[in-house]
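Below: one structure, written as structure tokens.
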Amino acid sequence: METSFLAIGELTATPSVAVVVDVMRAFTTAAWAFAQGAERIVLAESLDAALELKARHPEWVALKDGAPAPGFDAVNSPGRIRGTDLAGRTVVQKTTAGTVGALAVQGADLVLCASFVVAGATARALRGRPEVTFVVTGEDGRAEEDLACARYIAHRATGPAPDPAPYLRRAADSTAAAELLQHVRKGVHEDDVRLCLELDRFPFAMSAAPEDGLTVLRPYGERAGRGRP
């Protein structure tokens with residue numbers, strides 16, 4: 001497997017297979033939303049687009065980065081979303097990096113959205129693929145937690161599973177982890193960092209594909225189920 005690791009701004013063409021990585025917190029939160037019963041997640045290109053979708057579909061759950069805001073039902077926090085019953089619901093998600101990265105490669109044949117909690121399932125979905133582009137979304141492609149997760153998935157997809165400890169340690173020492181622990185970022189739950197560093201918490205990967213003019217994220221492979229206690 002030939003792999004490349006690019007920031008969103010470094011994408012010059014649409015890859016055939018893309019893995020969009022956002023560990024803290026978009027695609028950890030998304031995985032928890034599926035575990036809590038969400039049917040699908042619509043990835044919105046802007047806050048205004050998310051609010052417009054919510055206005056057209058009041059029963060949908062709108063979710064954003066940062067502090068709670070009028071019109072939104074939830075924030076981009078795995079610690080907060082894990083206590084929400086989302087059975088059969090559609091979630092609209094807009095985040096600073098993760099959703100932007102997924103929309104940037106929406107023309108790819110396969111788009112997987114990944115974090116540590118779905119790393120193993122993502123690696124399994126990539127086996128046999130000749131070429132994979134990992135989109136490192138945080139900090140203009142320099143986010144240590146996203147780079148660590150991307151490289152871990154790449155190694156696991158091409159051979160025996162490597163020792164996860166160095167990768168998780170790199171993520172735990174990242175700027176993003178420090179900002180969450182110190183509540184520099186808004187809309188934080190005290191368990192967010194711990195939840196973002198749980199390897200293989202869920203047995204499914206997550207794929208984004210066009211549906212009715214929207215970009216929709218769904219579980220890929222094994223079905224989502226509620227998270228282990």
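The values are calculated or read from the model by the stated rules, or taken from the named source; none is laboratory data. Nothing here was measured: the structure is a model prediction, and the numbers come from that model. Here the Cβ positions follow ideal geometry from the backbone for every residue, glycine too, while neighbour counts run over all protein chains shown.
Tabulated values for the structure
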{"quantity": "All positions within region 100-114 that are touching an Asp or Glu at 6+ places or on another chain (Cβ under 6 Å) and buried (at least 24 other Cβ atoms within 10 Å of the Cβ)", "calculated": "none"}
{"quantity": "Selection within region 117-161 - touching a Ser or Thr at 6+ places or on another chain (Cβ under 6 Å), hydrophobic (A, V, I, L, M, F, W, C) and over 18 Å from A26 (Cα atoms)", "calculated": "V132, A154"}
{"quantity": "Candidate set from region 1-32 (those that are surrounded by fewer than 24 Cβ atoms within 10 Å (Cβ to Cβ) and of a type in the set (A, V, I, L, M)); member that is nearest to E211 (Cα to Cα)", "calculated": "V17"}
{"quantity": "Qualifying residues in region 31-48 (those that are part of a loop (DSSP other than H, G, I, E, B) and among the charged types (D, E, K, R)) - the one farthest from L197 (Cα to Cα)", "calculated": "E45"}
{"quantity": "Candidates T12, T3, T28 - the one that is touching a residue at least 40 places away in the same chain (Cβ under 8 Å) and not in a strand (DSSP E or B)", "calculated": "T28"}
{"quantity": "Matching residues in region 119-140 - criterion: being hydroxyl-bearing (S, T, Y) and under 14 Å from the mean Cα position of the chain (by Cα)", "calculated": "T122, T137"}
{"quantity": "Residue in region 220-228 that is within 18 Å of the chain's Cα centre (by Cα), surrounded by 15 or more Cβ atoms within 10 Å (Cβ to Cβ), farther than 22 Å from T3 by Cβ and among the acidic types (D, E) present", "calculated": "no"}
{"quantity": "Test result for A35, out of contact with any helix residue (DSSP H, G or I) (no Cβ under 7 Å at 6 or more places or on another chain), crowded, with 18+ Cβ neighbours inside 10 Å and among the aliphatic types (A, V, I, L, M)", "calculated": "yes"}
{"quantity": "Hits in region 150-172 - residues which are surrounded by fewer than 19 Cβ atoms within 10 Å (Cβ to Cβ) and of a type in the set (K, R)", "calculated": "R169, R170"}
{"quantity": "Within region 187-208, considering residues that are touching an Asp or Glu at 6+ places or on another chain (Cβ under 9 Å) and not hydrophobic (A, V, I, L, M, F, W, C), the one surrounded by the fewest Cβ atoms within 10 Å (Cβ to Cβ)", "calculated": "P203"}
{"quantity": "Residue within region 119-136 that is without any contact (Cβ under 8 Å) to a residue 24 or more places away in the chain and hydrophobic (A, V, I, L, M, F, W, C) present", "calculated": "no"}
{"quantity": "Among (1) in contact with a helix residue (DSSP H, G or I) (Cβ under 9 Å, 6 or more places away or on another chain); (2) within 15 Å of T122 (Cα to Cα); (3) part of a helix (DSSP H, G or I) - the single one P219 does not satisfy", "calculated": "(3)"}
{"quantity": "The lone exception for P164 - which of (1) more than 16 Å from R25 (Cβ to Cβ); (2) modelled with pLDDT under 95 it fails", "calculated": "(2)"}
{"quantity": "Single match in L112, L86 (criterion: part of a strand (DSSP E or B) and either touching a helix residue (DSSP H, G or I) at 6+ places or on another chain (Cβ under 9 Å) or under 22 Å from F202 (Cα atoms) (or both))", "calculated": "L112"}
{"quantity": "Matching residues, region 49-67, being surrounded by 13 or more Cβ atoms within 10 Å (Cβ to Cβ) and either in a loop (DSSP other than H, G, I, E, B) or not hydrophobic (A, V, I, L, M, F, W, C) (or both)", "calculated": "E52, K54, H57, W60, K64, D65, G66"}
